[in-house]
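Visitor: To start, I am sharing the structure in question, which I have written as structure tokens.
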Amino acid sequence: MPYQYPDATASRRITELDIERRALWAGLICSIFGLAAGLIFFAGERPALFGRWSVGLVSAICGATAAASSSAYAFRFILRHREPWLRRIPTWRQLITAIGLILVHAASSVMIILVLFHLFQQAFLGLRLDVLAGGLAVSAVTGLTAYLCLVATARTSAETLSVVLGIFMAAGVLISMLLAEDQGWWRSMFSFLGTSQAGHGSFWTFNLTLIISGLVLAAFTEFLTRDLVLLSRTYRCRPALRRYRLARRLRPRPRIVRWCLVVVATAIVGIGMVPVNVSTQVHSGFVQMASVAMIILLAGTAVLLPGYPAVFHMMSMAAVAAVWAAFILWHDWSYYNLTGFELSVVAIMFSWISVFIRTTAAMTRDGEERNQARLAEESQLPAKS
């Protein structure tokens, strides 16, 4: 059954001012919650900025709670009204999308808060706060986190979600590298960071980053598919290609693109849930599944995404060639080890995905502008008598 997305006018319009107003209320309520939590946790204590039951730890806990709550509220009562097509997809897909958005904002908040307070502790060595100062610090961090996460969730699009995904994955992997107890982890493989031998901090950070990233990629796929469906409705074969029968039969294939990305998202979740030391075969199977799906996307853009600029298809072919060259450098020439090959492939894939998203967003905006211009012209035409 084809995808069906209703027009935005089918639901009550939520303005930008509504988002800001609700975000301010969320920030105020969560700041009060953070103040109460800080006063309770720090009663009779002089907490440090970072460490066990420090201002940073309590702020991270309260910030994660505020981020999850505000993101859930924004998805349920704002985003689903701003993007009415979300209400038409199956409930289980709505749930996966919501879970991905909630988890990525909560996890990002925890990482940012802990890193910032760790840096502050290094800058103000030996500083301890009293109960009031500690409570106010937690209150400020919690309120700001709630405000930012509600705004970010309410204004989610394929383009913004791709940026969130890229930053979150890079930050999570970098932190897991820094937390690795074995400093020579890179001599083995990239997946070593997700094993218990790398240390508990690296193990949990790396695997949770992959699991949450897979869920976010699944949520991102919904928004990207919606843009591709809109493009497929307005697709017209280029005049220069109409003389070719094969070109006239080509149409954008949002469903195939979606399933390829869903397979990649599922594989990323599987890689995080089954570390290489638990089952090498299952872990490798998920890696191969993601690789095959991405190769299909890269090699099939001319068939799956007709109408895109020729330079985009050339870049897709160049990405396939770059992956093959990276494999030759590792397997045949031993230029670098397996970790170098894995990092090269990840960099190539995410670079292509970033270009794909930005190109799709640009084409969607251009299509919307053309539709608005056409409607404006039609409204100015004199009515027939």
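Residues are listed down the side, and each one gets a yes or a no for (1) assigned by TED's automatic domain parsing to the domain that holds Phe33; (2) of a type in the set (Phe, Trp, Tyr); (3) in contact with a Leu (Cβ under 6 Å, 6 or more places away or on another chain):
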| residue | (1), (2), (3) |
| --- | --- |
| Gly135 | yes, no, yes |
| Ile167 | no, no, no |
| Arg187 | no, no, no |
| Leu193 | no, no, no |
| Gln197 | no, no, no |
| Ser202 | no, no, yes |
| Ala218 | no, no, no |
| Thr221 | no, no, yes |
| Leu230 | no, no, no |
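Visitor: So which residues in region 157-181 are farther than 15 Å from Thr205 by Cα and either out of contact with any Phe, Trp or Tyr (no Cβ under 7 Å at 6 or more places or on another chain) or free of Cβ contacts under 8 Å to residues at least 40 places away in the same chain (or both)?
Guide: Glu159, Thr160, Val163, Val164
Visitor: Taking Phe50 as meeting all but one of (1) in a helix (DSSP H, G or I); (2) closer than 16 Å to Met111 by Cα, write down the number of the exception.
Guide: Phe50 satisfies every listed condition except (1).
Visitor: Next question, about the same structure. Could you tell me whether any residue of region 316-335 is in a loop (DSSP other than H, G, I, E, B) and among the polar types (S, T, N, Q)?
Guide: yes
Visitor: Something else now. In region 192-213, which residues are surrounded by fewer than 23 Cβ atoms within 10 Å (Cβ to Cβ), in a helix (DSSP H, G or I) and of a type in the set (Gly, Ala, Ser)?
Guide: Ser196, Gly201
Visitor: Name the residue, out of Ala302, Ala310, Ala290, that is over 27 Å from Ile211 (Cα atoms), touching a helix residue (DSSP H, G or I) at 6+ places or on another chain (Cβ under 6 Å) and at pLDDT below 90.
Guide: Ala302
Visitor: Among (1) over 28 Å from the mean Cα position of the chain (by Cα); (2) touching a residue at least 24 places away in the same chain (Cβ under 8 Å), there is one condition Gly126 misses while meeting the rest; what is its number?
Guide: (2)
Visitor: Give the residues of region 66-104 that are of a type outside the set (S, T, N, Q), assigned to a helix (DSSP H, G or I) and in contact with a Phe, Trp or Tyr (Cβ under 9 Å, 6 or more places away or on another chain), sorted by residue number.
Guide: Ala66, Pro84, Trp85, Leu86, Ala98, Gly100, Leu101, Ile102, Val104
Visitor: Based on this model, can you work out whether Ala326 counts as surrounded by 15 or more Cβ atoms within 10 Å (Cβ to Cβ), assigned by TED's automatic domain parsing to the domain that holds Thr225, of a type outside the set (Val, Ile, Thr) and closer than 21 Å to Ile256 by Cβ?
Guide: The answer is no for Ala326.
Visitor: Taking region 297-315 on its own, how many of its residues are among the hydroxyl-bearing types (Ser, Thr, Tyr) and either assigned to a loop (DSSP other than H, G, I, E, B) or without any contact (Cβ under 8 Å) to a residue 12 or more places away in the chain (or both)?
Guide: Here the count works out to 1.
Visitor: Does region 229-247 include one or more residues that are surrounded by 17 or more Cβ atoms within 10 Å (Cβ to Cβ), modelled with pLDDT of 85 or more and small (Gly, Ala, Ser)?
Guide: No, there is no match, as no residue in region 229-247 is surrounded by 17 or more Cβ atoms within 10 Å (Cβ to Cβ), modelled with pLDDT of 85 or more and small (Gly, Ala, Ser).
Visitor: If Ile102 meets every condition in (1) buried (at least 17 other Cβ atoms within 10 Å of the Cβ); (2) in contact (Cβ under 8 Å) with a residue 60 or more places away in the chain apart from one, which number is that one?
Guide: (2)
Visitor: A further question follows. Right, Leu114: modelled with pLDDT under 95, under 19 Å from Phe223 (Cα atoms) and either of a type in the set (D, E, K, R) or part of a helix (DSSP H, G or I) (or both) or not?
Guide: no
Visitor: Here's something else I'd like to know. Just to be sure before I move on: is Ala48 among the small types (Gly, Ala, Ser) and within 31 Å of the chain's Cα centre (by Cα) in the structure I sent?
Guide: It is false that Ala48 is among the small types (Gly, Ala, Ser) and within 31 Å of the chain's Cα centre (by Cα).
The values are calculated or read from the model by the stated rules, or taken from the named source; none is laboratory data. Keep in mind it's a predicted model, so treat the numbers as computed, not measured. Cβ coordinates were reconstructed from backbone atoms using ideal geometry, including for glycine residues, and neighbour counts include every protein chain displayed.
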